[in-house]
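Inspection log for the structure reproduced underneath, given as structure tokens.
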Amino acid sequence: MSLDVSPTLLAQAEAGDVREEDFVDTVRTSLPYAYNLIASVCADLKAGTAEFADNQTPPPSEQERGQLLRALASDAIRTSLERHFGVALAFQNCHRVAAFHPDARTGETYARFTSVRSQLLNQSPEFRDC
């Protein structure tokens, strides 16, 4: 799954630096399911008092799952989305995205969510093919 990069943005990248806002907009339009899911989780975090907000609903199709995997597997996309939304993202399985406040990366809840133990405990047969 590739990003749909406009000729203008590609020319900017070839000439030098690209504004991160333009990159995030390309992610938003290229990977709408992933962008909207992450935006929703971030809004939930900011609206509540919990240490993190997460999604536990599997994507409706493999196309949406691919978008989510693409967004979170790319360092450039993931870190740009983190800066854009002002969060730290964490990811388990093939769809459990969590948003934490940025300073939570040094905390116990974030460490537990991203631990090997937590990853193992969140496995089930239906996740084998994702």
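The values are calculated or read from the model by the stated rules, or taken from the named source; none is laboratory data. Everything quoted here is computed from the prediction, not taken from an experiment. Cβ placement follows ideal geometry from the backbone for every residue including glycine, while neighbour counts extend to all protein chains displayed. The accessibility values were calculated without ligands, DNA or RNA, using every heavy atom of the protein model including side chains. Shrake-Rupley method; radii C 1.70, N 1.55, O 1.52, S 1.80 Å.
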**Request:** Count, please, the residues in the range 74-121 that happen to be without any contact (Cβ under 8 Å) to a residue 12 or more places away in the chain, open to solvent by less than 80 Å² (accessible area, probe 1.4 Å) and within 15 Å of the chain's Cα centre (by Cα).
**Result:** 3
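Hey, can you tell me all the residues within the range 1-39 that are hydrophobic (A, V, I, L, M, F, W, C) and within 30 Å of PRO58 (Cα to Cα)?
Filtering the range 1-39 down to residues hydrophobic (A, V, I, L, M, F, W, C) leaves 1, 3, 5, 9-11, 13, 15, 18, 23-24, 27, 31, 34, 37-39.
Within the range 1-39, MET1, LEU3, VAL5, PHE23, VAL24, VAL27, LEU31, ALA34, LEU37, ILE38, ALA39 qualify.
Among the helices (runs of 4 or more DSSP H) contained in the range 1-67, which hold 2 or more residues that are of a type in the set (S, T, N, Q), over 17 Å from GLU82 (Cβ atoms) and out of contact with any Leu (no Cβ under 9 Å at 6 or more places or on another chain)? Even if it seems obvious, please write down each step before you answer.
Numbers: elements: 7-15, 20-30, 32-47.
Here the list reads 7-15.
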**Asked** Would it be correct to say that ALA11 is open to solvent by less than 70 Å² (accessible area, probe 1.4 Å), farther than 28 Å from THR114 by Cα and of a type in the set (A, V, I, L, M)?
**Response** yes
**Residue satisfying all of: in the range 43-73; open to solvent by less than 20 Å² (accessible area, probe 1.4 Å) and under 10 Å from the mean Cα position of the chain (by Cα); nearest to PRO102 (Cα to Cα) among these** = LEU72
